[in-house]
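Input: a single structure, listed below in structure tokens.
The values are calculated or read from the model by the stated rules, or taken from the named source; none is laboratory data. Since the structure is predicted, the reported quantities are computational estimates derived from the model, not experimental observations. Backbone-built Cβ (ideal geometry, glycine too); neighbour counts: all protein chains shown.
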Amino acid sequence: VKGLVIHVEGDHASDWVLPFAEHLPDWDVRWSDGFAQEDADCVEAAVVWQPPAGFLGHFHNLRTIVSVSAGLDHLKGDPSCPTNVRLIRRMDPLSTRAMAEFVLMQVLMQHRLLVTFFAERARRVWAPRAVGPLSSRRVGVLGLGPMGLASAELLQAMGCSVTAWSRSSKDDAPVPFVCGFERLDAFLGSVDTLVNLLPSRPETCNLLSEARLSLLPVGSTIVNVGRGDVLDQRALLRLLDSGHLAAAALDVLPQEPPSPSDPVWEHPKIILTPHVASLPDPAAFGAWVATTL
Ligand SMILES: NC(=O)c1ccc[n+]([C@@H]2O[C@H](COP(=O)([O-])OP(=O)(O)OC[C@H]3O[C@@H](n4cnc5c(N)ncnc54)[C@H](OP(=O)(O)O)[C@@H]3O)[C@@H](O)[C@H]2O)c1
């Protein structure tokens with residue numbers, strides 16, 4: 001029998017093993033500590049999120065690694081991660097839809113000034129004001145991978161004026177886009193809300209530097225659901241405090257969780273969520289993995 005080992009940092013065996021076993025009846029599915037050293041050679045597939053250093057190296061006959069995240073940066077924590085295996089990353093239709101819905105929610109909240117109204121409520125301020133139609137909001141989506149694409153399409157379907165930016169050209173993209181680093185600065189100057197859906201890479205680290213964030217029009221807003229290190233968070237705080245930026249929704253941070261003294265916890269212009277924009281549902285994910293193994 002082929003073995004499948006699951007390690008999802010921070011989660012419990014009971015949430016994962018049964019749903020996977022139901023969808024993979026031909027596999028011996030066990031949690032990370034479930035295979036003794038003498039059984040480890042039967043393991044041909046691993047489903048992982050943030051595997052600890054040395055974990056994947058235990059399994060000498062591993063053929064497939066399934067990443068529980070669309071991003072693959074979490075695999076860097078295990079230097080024993082083999083390179084000569086099939087790597088599948090989570091990309092089921094439910095996960096891209098979940099991301100798109102989360103992004104839409106944040107854009108709507110920013111458009112309808114909810115962050116401002118929450119902060120004013122805390123100060124017992126009652127100050128109604130109207131906003132323009134959603135079609136007047138120019139939303140820029142950074143990154144046209146599956147998550148960026150799904151988000152851009154849903155925002156467009158809801159009537160936002162959407163443009164995307166990606167590193168390279170996408171022939172069949174169903175949303176207007178610009179591509180190439182040389183067009184990034186002009187792109188930033190033309191949006192009212194910037195949604196980051198870029199992954200963590202050496203080239204994207206600090207891509208949204210203070211200089212680039214300052215190119216966003218006064219009063220614009222940010223939704224970061226890609227990776228925290230793409231955005232200079234200190235610069236973001238300065239621009240929120242100066243009034244240049246109106247609001248930010250942060251689902252990802254350079255350090256997760258942030259330290260107790262980090263101003264993001266209490267900043268009145270920030271909606272902070274603990275990396276939940278698109279979390280896997282083990283049952284749906286297990287069903288999807290069964291179709292790919
Ligand atoms: N918050 C959450 O709960 C959550 C959940 C899932 C995913 N995520 C994040 O969302 C990100 C996007 O996911 P995805 O599956 O849509 O796409 P992805 O494959 O991670 O990224 C695709 C986009 O990133 C661009 N890109 C890749 N490497 C780059 C580089 N070195 N420099 C510049 N651009 C680069 C691609 O450029 P090209 O135009 O050249 O293709 C493409 O536009 C993930 O990487 C992950 O970080 C967050």
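Please count how many residues of the stretch 77-108 are more than 16 Å from the ligand (Cβ to nearest atom) and in contact with a helix residue (DSSP H, G or I) (Cβ under 7 Å, 6 or more places away or on another chain).
Selection size over the stretch 77-108: 4.
Restricting attention to helices (runs of 4 or more DSSP H) lying wholly within the stretch 181-293, give those where 1 or more residues are of a type in the set (Ser, Thr, Tyr) and within 16 Å of the ligand (Cβ to nearest atom).
282-292
What number goes with the only condition from (1) within 16 Å of the ligand (Cβ to nearest atom); (2) among the aliphatic types (A, V, I, L, M); (3) crowded, with 18+ Cβ neighbours inside 10 Å; (4) assigned to a helix (DSSP H, G or I) that residue 115 does not pass?
(1)
Of all residues in the stretch 27-81, how many are more than 23 Å from residue 200 (Cβ to Cβ) and among the hydrophobic types (A, V, I, L, M, F, W, C)?
Number satisfying all stated conditions: 11.
Of everything in the stretch 246-263, what is crowded, with 17+ Cβ neighbours inside 10 Å and closer than 17 Å to residue 223 by Cβ? Give them in sequence order.
246, 247, 248, 249, 250, 251, 252, 253, 254
Please go through the stretch 59-97 and pick out each residue that is crowded, with 17+ Cβ neighbours inside 10 Å, farther than 19 Å from residue 10 by Cβ and out of contact with any strand residue (DSSP E or B) (no Cβ under 8 Å at 6 or more places or on another chain).
92, 96 - these are the residues of the stretch 59-97 that are crowded, with 17+ Cβ neighbours inside 10 Å, farther than 19 Å from residue 10 by Cβ and out of contact with any strand residue (DSSP E or B) (no Cβ under 8 Å at 6 or more places or on another chain).
All but one of (1) in contact (Cβ under 8 Å) with a residue 24 or more places away in the chain; (2) within 21 Å of the chain's Cα centre (by Cα) hold for residue 202; which doesn't?
(1)
Give me the pairs, please: first residue somewhere in the stretch 61-72 and free of Cβ contacts under 8 Å to residues at least 24 places away in the same chain, second residue anywhere and more than 10 Å from the ligand (Cβ to nearest atom) and among the small types (Gly, Ala, Ser), beta-carbon distance under 7 Å, and either six or more positions apart or on two chains.
62/46; 63/45; 65/46
Please tell me if residue 209 is more than 23 Å from residue 104 (Cα to Cα) and in contact (Cβ under 8 Å) with a residue 12 or more places away in the chain.
yes
Can you tell me which residue in the stretch 266-291 is farthest from residue 199 (Cα to Cα), limited to those that are modelled with pLDDT of 95 or more and in contact with a strand residue (DSSP E or B) (Cβ under 7 Å, 6 or more places away or on another chain)?
The selected residue is 269.
Going through the stretch 121-168 one residue at a time, which ones are part of a helix (DSSP H, G or I), more than 15 Å from the ligand (Cβ to nearest atom) and surrounded by 15 or more Cβ atoms within 10 Å (Cβ to Cβ)?
134, 156
Among the residues of the stretch 222-233, is any more than 23 Å from residue 96 (Cα to Cα) and free of Cβ contacts under 8 Å to residues at least 24 places away in the same chain?
no
Could you tell me which of the residues 56, 62, 72 is out of contact with any Gly (no Cβ under 9 Å at 6 or more places or on another chain), within 16 Å of the ligand (Cβ to nearest atom) and within 26 Å of residue 146 (Cβ to Cβ)?
Result: 72 is the single residue among 56, 62, 72 that is out of contact with any Gly (no Cβ under 9 Å at 6 or more places or on another chain), within 16 Å of the ligand (Cβ to nearest atom) and within 26 Å of residue 146 (Cβ to Cβ).
Test residue 194 against the stated conditions and say whether it is aliphatic (A, V, I, L, M) and in contact with a helix residue (DSSP H, G or I) (Cβ under 6 Å, 6 or more places away or on another chain).
no
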